[in-house]
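Notes follow the structure.
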Amino acid sequence: MQIVRVIGTTTATLKEAGLSGQKFLIVQPVKPDGKPASEPTCVAVDSVGAGRGDLCLMVTGSAARVVRGAAGLPVDAALIAVIDEISV
Amino acid sequence: MQIVRVIGTTTATLKEAGLSGQKFLIVQPVKPDGKPASEPTCVAVDSVGAGRGDLCLMVTGSAARVVRGAAGLPVDAALIAVIDEISV
Amino acid sequence: MQIVRVIGTTTATLKEAGLSGQKFLIVQPVKPDGKPASEPTCVAVDSVGAGRGDLCLMVTGSAARVVRGAAGLPVDAALIAVIDEISV
Amino acid sequence: MQIVRVIGTTTATLKEAGLSGQKFLIVQPVKPDGKPASEPTCVAVDSVGAGRGDLCLMVTGSAARVVRGAAGLPVDAALIAVIDEISV
Amino acid sequence: MQIVRVIGTTTATLKEAGLSGQKFLIVQPVKPDGKPASEPTCVAVDSVGAGRGDLCLMVTGSAARVVRGAAGLPVDAALIAVIDEISV
């Protein structure tokens, strides 16, 4: 899992069947201290109610389709948790 | 998913069975502000009608074979949505 | 597998069903000499009892769901061994 | 898919059962203008008859096992098309 | 597949069930000329009898579990061939 911060949203009318109702959140990979780790070029779907500014755990690859409600969807990144605390 | 811009096309006569009729689009990974994020070395198939210049969401890996019409095809990148708006 | 050192933990109340009881460990990729190889942006689940400071082997991708107790969980990184010794 | 150029071959007597008869081609990732994009550290199997110097489309990951004749083989990169033309 | 050189070994007493008897080899990604391409942070299992100093082909991801004896094991990197010759 990657530590990411939700920094925005994106919308799309023209999309694959099945993606209606999915939120597409733009995420910024961050280091444990919360500082940016790389460019924010990734977009994730969300099933845990994450919002802008939240620090989250993101899965990529086939794990994104194990998320509740995402089986059979063409997605490769999903938020699986909103982080309460990081201790390093 | 990655934010990409369609910047070109590629054609191939000699190819795997099953790929006939697929569009192969050259894509440029971009940042939320639309500026290039890395070299445009990736090619994606498309099922949403994306065209040159469109900003899109791209999936990579096995998710590309969950796309409509791509089950059983040897592809690892597909456009799943044409982006209307990005808000960061 | 990647050689990583466990450098911290993270907690999350709001998370995907099924993740309750999972430990989320922050890991630092390291070189064979134990020095950091890249930024510690990765979080792994653990089924082998790894603790802070331990040098471990981490799998990523679908292999993380082959780990004991992780079948069907939306995870993409898991510790599979605590390293005793590295010889290069 | 990645745009690559075939730059060499490699042979192996000692290998996994099932790999006999497979061609292992060394490929160079290239940009749409045909210039090298990164180090040529990747080797791909081929089912489309690609030869040295050919510009090709390469899939990586599980897609490489969807290729004709590669089901059940331990491979993670395959050439799926010989490129005729690139237009950017 | 990646071209790698075996540069060491690692041992672990505390590990996932099923991994007993597996060799864990530390590998160095190399370029076709045999020079290092990146940091040696990867560890692979081996079913072809590779030893220290050998130049090998390595698969990563789910392909590592298609290797003989690795079905159902939590591994994401495996050596599938010992290279005899590279021609570029």
Only one of A:SER47, A:SER38, A:SER62 is small (Gly, Ala, Ser) and touching a helix residue (DSSP H, G or I) at 6+ places or on another chain (Cβ under 6 Å), namely A:SER62
Scan region A:4-31 for residues that are open to solvent by 10 Å² or more (accessible area, probe 1.4 Å), within 7 Å of another protein chain (Cβ to nearest Cβ), of a type in the set (D, E, K, R) and over 21 Å from C:THR60 (Cβ atoms) and report the count. 1
Which one is modelled with the lowest pLDDT, of the residues in region B:1-40 that are among the acidic types (Asp, Glu) and closer than 26 Å to A:ILE7 by Cα? B:GLU39
Given the structure, is A:VAL43 at pLDDT 95 or above, more than 18 Å from B:ALA77 (Cα to Cα) and not in a loop (DSSP other than H, G, I, E, B)? no
Hey, does region E:32-42 have a residue that's within 9 Å of the chain's Cα centre (by Cα) and either more than 15 Å from C:VAL88 (Cα to Cα) or buried (at least 17 other Cβ atoms within 10 Å of the Cβ) (or both)? yes
Of all residues in region D:48-60, which are surrounded by fewer than 22 Cβ atoms within 10 Å (Cβ to Cβ) and facing another protein chain (nearest Cβ under 7 Å)? D:VAL48, D:GLY49
Every residue in region E:61-88 that is surrounded by fewer than 18 Cβ atoms within 10 Å (Cβ to Cβ) and farther than 22 Å from D:THR9 by Cα, please. E:ARG68, E:GLY69, E:ALA71, E:GLY72
Among residues of region B:65-77, those that are facing another protein chain (nearest Cβ under 7 Å) and either assigned to a strand (DSSP E or B) or small (Gly, Ala, Ser) (or both), counted: 2
Residue pairs meeting the criteria (Cβ under 7 Å; at least 6 apart or on separate chains; first at pLDDT 95 or above, in region B:46-68; second among the aromatic types (Phe, Trp, Tyr)): B:LEU57/A:PHE24
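The values are calculated or read from the model by the stated rules, or taken from the named source; none is laboratory data. Everything numeric here is computed off the predicted structure, so don't read it as measured data. Glycine also receives a Cβ, built like all others from the backbone with ideal geometry; neighbour counts cover every protein chain displayed. Note: areas computed on protein heavy atoms with side chains; ligands, DNA, RNA excluded. Shrake-Rupley method; radii C 1.70, N 1.55, O 1.52, S 1.80 Å.
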